[in-house]
Amino acid sequence: MKLSKAERQQKLQKTVEENPFVTDETLASTFQVSVQTIRLDRMALSIPELRERIKHVARLQLDDVKALQEEEVIGDIVDLTLDEKAISILDVNREHTFSRTGIARGHHLFAQANSLAVAVINDELALTSTASVNFRRQVKEQERVIAKAQVTHVHAARTTVSVHSYVEEELVFSGEFLMYRSTRSEADQ
């Protein structure tokens, strides 16, 4: 059943409020209209594009990254609680993939996870000491990778960070990073 324009816009507004990270493509599929129609609806409702919504949510929820400059993080950090957890989003585009296959180069997935592991550390200096990673499946162009970092152990100058990356609900990458930090955490002092 096709919705009227007013009904669609009302549901679109509610959907974006509930999930600010939803793409125009997903909305178009959900409402069975073109991406252009969704863009016009967003403009009429003054709903910013996805990247602006991500930045807005991030500004509301983030601690300040200490070990990196924000532009050094691969992906967009959308949640950060220092020495606890962090989440970033990476939209895989043509520049992230092999031109012949459209499959993401592994170093981009690793870089997203590693930079998130560094960003979650509550210290001016955080370096990767060792990493154990597992690529679970290939990631393709146009897929969105959501990396979730969790601090699992803090001891003196070392912190262990577990990172799991997903495309939708499917695990595509996992890694455990042993991070060196220059100072001890408040929990150890």
Dipole of the range 61-188 (Lys/Arg Cβ +1, Asp/Glu Cβ -1, origin at the Cα centre): which of S129, G75, V139 lies farthest to the positive side? V139
Length added when fully stretched, E17-S174, from 0.36 nm per residue minus Cα-Cα: 53.5 nm
Tell me the angle of helix 5-18 to the major Cα principal axis of the chain, expressed in degrees between 0 and 90 and rounded to the nearest ten. 10 degrees
Dipole magnitude of the chain, debye to nearest 20 (Cβ charges: Lys/Arg +1, Asp/Glu -1, about Cα centre): 660 debye
Which residue, A126, A147, A44, has the most motion in a Gaussian network model of the chain that connects Cα atoms within less than 10 Å? A44
Under the Karplus relation with 6.51, -1.76 and 1.60 and θ = phi - 60°, whole-Hz ³J(HN,Hα) for the range 41-51, x at Gly and Pro, equal 4, 4, 4, 5, 8, 6, 9, x, 5, 3, 4
Run the quick spin-label model on K140 and H155: label points 7 Å from Cα toward the beta carbon, then report their separation in nm to one decimal. 4.3 nm
Rounded FRET efficiency, nearest 0.05, which uses the C-beta distance separating Q32 from E72 and R0 of 45 Å: 0.65
With contacts defined as alpha carbon pairs under 8 Å and 6 or more residues apart, what's the relative contact order of the chain in percent? 17 percent
Suppose R0 equals 41 Å; then what is the FRET efficiency for L45 and R100 from their Cβ-Cβ distance, rounded to the nearest 0.05? 0.50
For the chain, the Debye formula with one identical point scatterer on each Cα and no solvent gives log10 I(q)/I(0) at q = 0.12, 0.17 Å⁻¹ as -0.65, -1.06
What three numbers, in Å, describe the spread of the alpha carbons of the range 5-47 along their principal axes, ordered from the longest? 21, 18, 16
³J(HN,Hα) across the range 129-137 via Karplus (A = 6.51, B = -1.76, C = 1.60, θ = phi - 60°), whole Hz, x for Gly/Pro? 8, 9, 9, 10, 10, 9, 8, 7, 7
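Values in this text are rule-based calculations from the coordinates and carry no lab data. No experiment lies behind these values; they were computed from the predicted model shown. Glycine gets a Cβ as well: all are built from the backbone with ideal geometry, and neighbour counts include every protein chain shown.
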